[in-house]
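Working notes for the structure below.
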Amino acid sequence: MHNIYKVGGHCFKVSGSILCSVLERMAGFAPFEVAEGDYNVPEFFFMEGKSGNIPAFCERQYVFAHEGVEGIFGCTAGGYLLRLSPVNEKSLFLWTDNEVNVCYLCGNWSARLVRFALWIGYGIQTAMSDTVAIHSSCIVYRQKAVLFLGESGTGKSTHTRLWQKYRAGAVLLNDDSPVVHVEHTGIWVYGSPWSGKTPCYKAERYELAGCVRLSQETSNRMVRLGILRSYAALHPSSPPEFAYDRRLYEGIGTTLGKIVSQVPFYHLACLPDREAVELSCRTLFAENDEAVAK
């Protein structure tokens, strides 16, 4: 049993009755399923592995805890290993082999663990392909995408909700982890199966118009950032799990560099109000009363 999915312009095959059934029951993946054929050739694979084949860590590069789950990511003798361990439950393991484009999973088949493990596996397999998932809330307006960046709790989702409220035609593409792919035709933002707590799973892509780093303030002001500050604004929104591995980070760092060199970046210090939306829209799209009148 297998299914083919296409996310961020990359096709991958998921094989195994258990793994496929988990994804079929999981919200978010169905819109990205595609028919196997000449135009949908898998670049990498997710397969069910055996517990006896789980490799040992050579280096534990990133340790984290979130909502009762301890995670460890690091390298092995021949690839990478992720262990997700919920409290009082068995662990889920994902590991890769650098010689083949395969991610193996086994252990706890909880949907929330599998979803995150697939995100990690996808990131590993696409890190060298000008592709990166960016922690952001993405709005689409005038057929262009805008990424709103910021730490958790900054108000990214609030700001994009206000865009939808006050700007006719503004729609949400993804509320947590859209995929950015640098292509020869430009820089494109794709919807993904990973959208945080907001169920927004769209198999669509739009050219990136700009990126805005948000911060909370008692008034609204917006400034354009130079290259160095743009990189500093974008870097914290890239996957932290990969920041301590030289190979993965070189790939992602190269992608981030291409993004900041081709797309305008801004810092928006703002209130959660309509004026902040008008300011960001006016700055990004030069849309104001005078321009419209012309």
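The values are calculated or read from the model by the stated rules, or taken from the named source; none is laboratory data. All values reported here derive from a predicted model rather than from experimental measurement. Neighbour counts are summed over all protein chains in view; Cβ atoms, including those assigned to glycine, are modelled from backbone coordinates with ideal geometry.
What the table shows:
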quantity	calculated
Yes/no for GLU48 being acidic (Asp, Glu), touching a strand residue (DSSP E or B) at 6+ places or on another chain (Cβ under 7 Å), under 15 Å from ILE120 (Cβ atoms) and surrounded by fewer than 16 Cβ atoms within 10 Å (Cβ to Cβ)	no
Test: residue in segment 144-155 that is hydroxyl-bearing (Ser, Thr, Tyr), at pLDDT 95 or above and over 17 Å from the mean Cα position of the chain (by Cα)	no
Filtered residues of segment 90-103 (kept if outside any strand (DSSP E or B) and more than 21 Å from ILE4 (Cβ to Cβ))	LYS90, SER91, ASN98, GLU99
Extreme residue, farthest from VAL132 (Cα to Cα), among residues of segment 206-233 that are among the charged types (D, E, K, R) and not in a loop (DSSP other than H, G, I, E, B)	ARG221
Criterion violated by ASP176 - all others in (1) of a type in the set (D, E, K, R); (2) under 22 Å from GLY28 (Cβ atoms); (3) touching a helix residue (DSSP H, G or I) at 6+ places or on another chain (Cβ under 6 Å) satisfied	(3)
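Yes/no per residue for (1) crowded, with 17+ Cβ neighbours inside 10 Å; (2) farther than 21 Å from GLY169 by Cβ:
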{"site": "ARG213", "(1), (2)": "yes, yes"}
{"site": "GLN216", "(1), (2)": "no, yes"}
{"site": "ARG221", "(1), (2)": "no, yes"}
{"site": "LEU228", "(1), (2)": "no, yes"}
{"site": "SER238", "(1), (2)": "yes, yes"}
{"site": "GLU241", "(1), (2)": "yes, yes"}
{"site": "VAL277", "(1), (2)": "yes, no"}
